[in-house]
Amino acid sequence: MTHVMDADIPLDRDIFLRTLVRELATSLESIVGLAEASGYISVVGQTVGAHIDDMYTSALAVDRLSRRQVADVLVDLKQRIRGDFYIIEQDDRKIVLGTRSCPFAEKVIGRESMCMMTSNVFGTIAARNLGYAQVELVETIARGAAGCRVVVHLVPGAEAGRDSGREYFGDAPPTLGSLAAGPVVE
């Protein structure tokens, strides 16, 4: 007779929490639809983004992160939660990121609303520090791509015809000067 503790059950805290988030997203999507579910998850993502931003600005002893620091923080936070994010390109107008894996792993497949966590965390951090962000989820694992491609636009209307993505606003107006490489100290 096999004891319960010896049973080969693929369950740990990580799997449990990823499954919990997926099932919450599934329930929301089936009850209120994808757009509304994305909205609910966006609220959570914004709060989480503000909390993470506070952790990084405190740890780095700055009031605001520079554009380069924002890009580095976006990669670092995803690496810490097992998302294989990397910078494809960056300049004063945008940060383009890619990933080969999602922190939610296979649980994200078919659950596009879960991508609002990335959008809102990235958008909140960028906007709080640089004044503005529009996050465009160009490709996502949730929609069946092999990886994700995320563009964080830093200047309103910087690319003509851009109409996808969510906008985020900070408390300071965006200027190219706020996108400087060094830390901004107030």
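The values are calculated or read from the model by the stated rules, or taken from the named source; none is laboratory data. Here the structure is a predicted model, which is why all the values come from computation and not from measurement. Here the Cβ positions follow ideal geometry from the backbone for every residue, glycine too, while neighbour counts run over all protein chains shown. Only protein heavy atoms, including side chains, enter the accessible area calculation; ligands, DNA and RNA are left aside. Shrake-Rupley method; radii C 1.70, N 1.55, O 1.52, S 1.80 Å.
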Of the residues in the range 52-88, those that are under 26 Å from Arg18 (Cα atoms) and open to solvent by 60 Å² or more (accessible area, probe 1.4 Å) come to Asp54, Met55, Asp72, Gln79, Arg80, Ile81, Arg82, Tyr86
Of the residues in the range 10-41, those that are of a type outside the set (A, V, I, L, M), buried (at least 19 other Cβ atoms within 10 Å of the Cβ) and closer than 17 Å to Val135 by Cβ come to Ser38
In the range 116-147, residues that are surrounded by 24 or more Cβ atoms within 10 Å (Cβ to Cβ) and in contact with a Ser or Thr (Cβ under 6 Å, 6 or more places away or on another chain) total 4
Query raised in the report: Looking at the range 51-69, is at least one residue touching a residue at least 40 places away in the same chain (Cβ under 8 Å), assigned to a strand (DSSP E or B) and farther than 20 Å from Cys148 by Cα?
Result: yes
Has the range 155-163 got any residue that is of a type in the set (A, V, I, L, M, F, W, C), out of contact with any Cys (no Cβ under 7 Å at 6 or more places or on another chain) and within 22 Å of Gln69 (Cα to Cα)? yes
Scanning the range 89-115 for residues that are assigned to a helix (DSSP H, G or I) and out of contact with any strand residue (DSSP E or B) (no Cβ under 8 Å at 6 or more places or on another chain), the one surrounded by the fewest Cβ atoms within 10 Å (Cβ to Cβ) turns out to be Glu106
